[in-house]
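Worksheet: one structure, shown below.
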Amino acid sequence: MFPVTQPWLCKALGCYDCCIRCLGAVPYPSLVATLLCYAGMALFCGCGHEALAQTEILVETYFARNVQDFSVMASFIKYFQYVIYGLASFFFLYGILLLAEGFYATSAVKQKFGEFRSTQCGRCLSLTFIIVTYILAFIWLAVFALSAIPVFFLFNMEQTCHNINILAETTPSINQHGWICMDARQYGLLPWNAMPGKACGMTLASICKTSEFYVTYDLYIAAFAGAGITLLALFVYLVATTYNYAVLRFLGRKGVR
């Protein structure tokens, strides 16, 4: 960054000018993107981890009687929870690297405030971060889409329960709403030979009234929102790093090294 700690510089410019120039060297887009990335990953990883644990309890309690039918999904949930740990660690370190690159690029762009200059190595480093962030943004776009699947499943389940309650209030016949079901096997949560694999009628309506259902639903919505915030942070990173790289290239062509 801009070396404001040198005594001769502070005497020449004054404390106020030093602070203004130092604040001018802060990469605010990268800083905002880092905060968004950390907030989004905290939501996605924390709520996603707990939502998977609640899903295991929900499916095991109401949709699967045999442990063998549920073993594949239980293994997948444990595996994905470990993946969440890795994602949290990776994005924490990558956010620090991108923020450091933002500080370097901003200092190089504002080279008239200090001794930093654009170098070939610095431009290559910025280009590397652009490519990696671009790839991560596309991968995370797929994660964002996949995180909508459990939200869609639980939303359909809630709407189905709502329809059952309406039929129960308007029709005297018990069998009128008994054919309305929610089959977990259709969404790949259980194998097709799993029993019962589905819940129908008032049994399904009673499941929707449990605390496990609402907690799981809210957690998946929060995880979905966290994935969206992280995707937004990656796009902000892309805009900031691309702008910094373009300016560094321009400085390099103008002979500023």
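Quick notes on this one:
- Most tightly packed first, judged by the mean number of other beta-carbon atoms within 10 Å of their residues, the peptides 212-224, 125-137 read 212-224, 125-137.
- In order through segment 126-143: 3J(HN,Hα) via Karplus (6.51 cos²θ - 1.76 cosθ + 1.60), integer Hz, x for Gly, Pro: 5, 5, 4, 5, 5, 5, 5, 5, 5, 5, 4, 5, 5, 5, 6, 4, 5, 4
- For Trp140, the solvent-accessible surface computed with a 1.4 Å probe is close to 10 Å², ligands and nucleic acids excluded.
- For Gly48, neighbours were defined as the other residues whose beta-carbon sits under 15 Å from its Cβ, and their charges (Lys and Arg +1, Asp and Glu -1) total -2.
The values are calculated or read from the model by the stated rules, or taken from the named source; none is laboratory data. On a predicted model such as this, the values are computed, not experimentally measured, just so you know. Reconstructed Cβ throughout: ideal geometry from the backbone, glycine too, with neighbour counts over all protein chains shown. Heavy atoms of the whole protein, side chains included, go into the accessibility calculation; ligands, DNA and RNA do not. Shrake-Rupley method; radii C 1.70, N 1.55, O 1.52, S 1.80 Å.
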